[in-house]
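The structure under discussion appears below in the form of structure tokens.
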Amino acid sequence: MEVTRKTRRLGVFGGTFNPIHSGHIYMALSFAGQLGLDRVLVVPTMIPPHKQALGLIGHGERYAMCQIACAPYPQLVPCDLELRRGGSSYTVDTLRALHRYYPGWELCLLVGSDMFFTLEKWVRSEEIFALATLCAAARSPGELQALARKKKELEALGARCEIAGFPELTVSSTQLREMLAEGEAPGNLLPPGVGEYIAEKGLYRRKFSLEQKDYLPELEKLLTPYRLNHSLCVAKAAEKLALGLGISEKKAYLAGLLHDICKDMPKEQQLQWARKSGIIWDRKLTCQPQLWHGFAAAAFLREKLGIDDADLQNAVCYHTTARAGMSPLEKAVYLGDYISEDRTYPDVDEVRRLAKQSVDEAIFYTLRYTLGRLAEKGEPVCTLTWEAYNELWSKLFPC
Ligand code: ATP
């Protein structure tokens, strides 16, 4: 007698998970029950293309929280596919890859209503419709009719859709980030263990800003999501280094957060700001537009943001070139930019190792690396960088 094996079904549940919350787990488990899913992959995005990444923390920590939240449920499996792929996380690429890794499985893309309502605008949506069944859950009461209308609309475009048959749970990551920033207890809105992880790592605390100002809205206007994520990673790295350097962690965090504030501006605008920074300009600087954004940021902080803290201005000013006589804060931002968790260049692990041992040695290593690369390419070397290198050489290798 021929035994027919039922097609296995794989739930694919993507999100920023910033942080993962009980609504996510409830939705994944409820869909697993309703649709008979054999496994649900919980897939944190690297850079979300479908939403603004407000207050996005590092991907390593978001993934770790997914692992903690899924641990009690064997059918929920955290998946770092998009984190390893890097860049903007397009769902269509993920579904294609999963079809290769899970041949013969039926893919079910699990989304909340906010995502379901925008699905036809996602990159290569028609391919997404062909690759997976779309499974939508309501996020607030009274959404079922709107979901049913959208289902019809998407089906007319060739999609296969399922609407959740379980009640909605209105929690969101935004709500949790706000609660955590205010120091409120999240109670059971966070899955067991996730709250402890957040507390231990000090995540989502309201960060210090000079005069308690929140610079994130300004950064969100000026930076691409990619650059904003990088700035948050550098802020964290500088904050960590500050501890060993004996300086204010809060100030180091802020300097790291703001260091690239001018980097996504058009070059002419960067040049205009850079010329206001007060640094001595020479022909080599004119030929190296990649250096302008740091100098520009110093003037921008002073004139646009009203930050008159000279050490903080210098930390953003020299974060690319370095200079002789760097203050501990300048070192924290310069090195933080090299070892932040989003960095993947070949020597990054060596620099991270050195940074734990000696900040000066790690900086010397990066300066050698930078000078070597510039010389290889036949490019000029900024005088500030030479001076930083020579100063550290004298310090580290006394005659
Ligand atoms: P934020 O508040 O930062 O926008 P979020 O709570 O929407 O975050 P995401 O990680 O962006 O969380 O969501 C991942 C997926 O989970 C999305 O498809 C989203 O619609 C869905 N989702 C999030 N919360 C719920 C919920 N309470 N019920 C059902 N689906 C949810």
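Structure notes:
- Cα-based Rg of region 20-156 normalised by 2.2 N^0.38 Å, two decimals: 1.03
- Given charges at Cβ of Lys, Arg, Asp, Glu: the chain dipole, positive-most of 378, 65, 307: 378
- Cβ-based net charge around residue 333, under 11 Å, with every Lys or Arg adding one and every Asp or Glu removing one: -3
- Taking the charge dipole of the chain about its Cα centre, with +1 at Lys and Arg Cβ atoms and -1 at Asp and Glu Cβ atoms, the residue from 25, 109, 216 reaching farthest to the positive side is 109.
- Gyration tensor verdict on region 257-399 (Cα atoms; rounded if a/c is under 1.5, prolate if a/b is larger than b/c, oblate otherwise): prolate
- Taken about its Cα centre, region 231-381 carries a charge dipole of about 220 debye when Lys and Arg each add +1 at the Cβ and Asp and Glu each add -1 at the Cβ.
- From helices alone, the chain scores -15500 deg cm²/dmol at 222 nm; the rule is -39500 (n - 2.57) for each run of n ≥ 4 DSSP H residues, then divide by the residue total.
- Spin-label model distance (nm) - residue 344 vs residue 155, 7 Å beyond Cα toward Cβ: 4.0 nm
- Along its first, second and third principal axes, ordered by size, the chain spans 85, 46, 40 Å in Cα coordinates.
- Short to long, the 10 Å bins of the Cα pair-distance histogram for region 244-332 hold 18, 53, 25, 4 percent of all pairs.
- Here's the picture: charge each Lys and Arg Cβ at +1 and each Asp and Glu Cβ at -1 in the chain, and of 246, 326, 261 the one pushed furthest to the positive end of that dipole is 261.
- Listed by chain and number, the lysines placed with their C-alpha closer than 17 angstrom to that of residue 150 are 121; residues fewer than eight positions away on the same chain are left out.
- Radius 12 Å from Cβ of residue 228, net charge of other residues (Lys, Arg +1; Asp, Glu -1): -2
- Estimated dipole of the chain in Debye, rounded to 20 [Cβ of Lys and Arg +1, of Asp and Glu -1, Cα centre]: 540 debye
- Reachable lysines, given that their alpha-carbon falls under 21 Å from the alpha-carbon of residue 377 and they are not under 8 places away in the same chain: 284
- Annotation for region 331-399 versus region 253-272: alpha-carbon center distance of 21 Å.
- Accessible solvent surface per residue of the chain, calculated while the other protein chains remain in place, 1.4 angstrom probe, Å²: 47 Å²
- Sum of side-chain charges, residue 311 neighbourhood, beta-carbon under 15 Å (Lys, Arg +1; Asp, Glu -1): +1
- With 0.36 nm allotted per residue and the present C-alpha distance subtracted, the residue 218-residue 121 stretch has 32.2 nm of extension available.
- In this Cβ point-charge picture (+1 for Lys and Arg, -1 for Asp and Glu), region 125-170 has a dipole of about 140 debye about its Cα centre.
- Cross-link partners of residue 251 among aspartates and glutamates, defined as those whose alpha carbon lies under 16 angstrom from its own and excluding same-chain residues fewer than eight positions apart: 211, 214, 239, 260, 308, 309, 311, 330, 337.
- The apolar share of the surface of the chain, taken as the fraction of accessible area on carbon and sulfur atoms (1.4 Å probe, ligands and nucleic acids excluded), comes to 53 percent.
- For residue 108, the residues whose modelled amide H falls within less than 5 Å of its own, excluding neighbours fewer than 5 places apart on the same chain, are 10, 11, 12, 133.
The values are calculated or read from the model by the stated rules, or taken from the named source; none is laboratory data. Just so it is clear, the model here is predicted, and its values are computed rather than measured. No Cβ is skipped: glycine too gets one built from the backbone with ideal geometry, and neighbour counts run over all protein chains shown. In case anyone asks, the SASA skips ligands and DNA or RNA and just uses the protein heavy atoms, side chains included. Shrake-Rupley method; radii C 1.70, N 1.55, O 1.52, S 1.80 Å.
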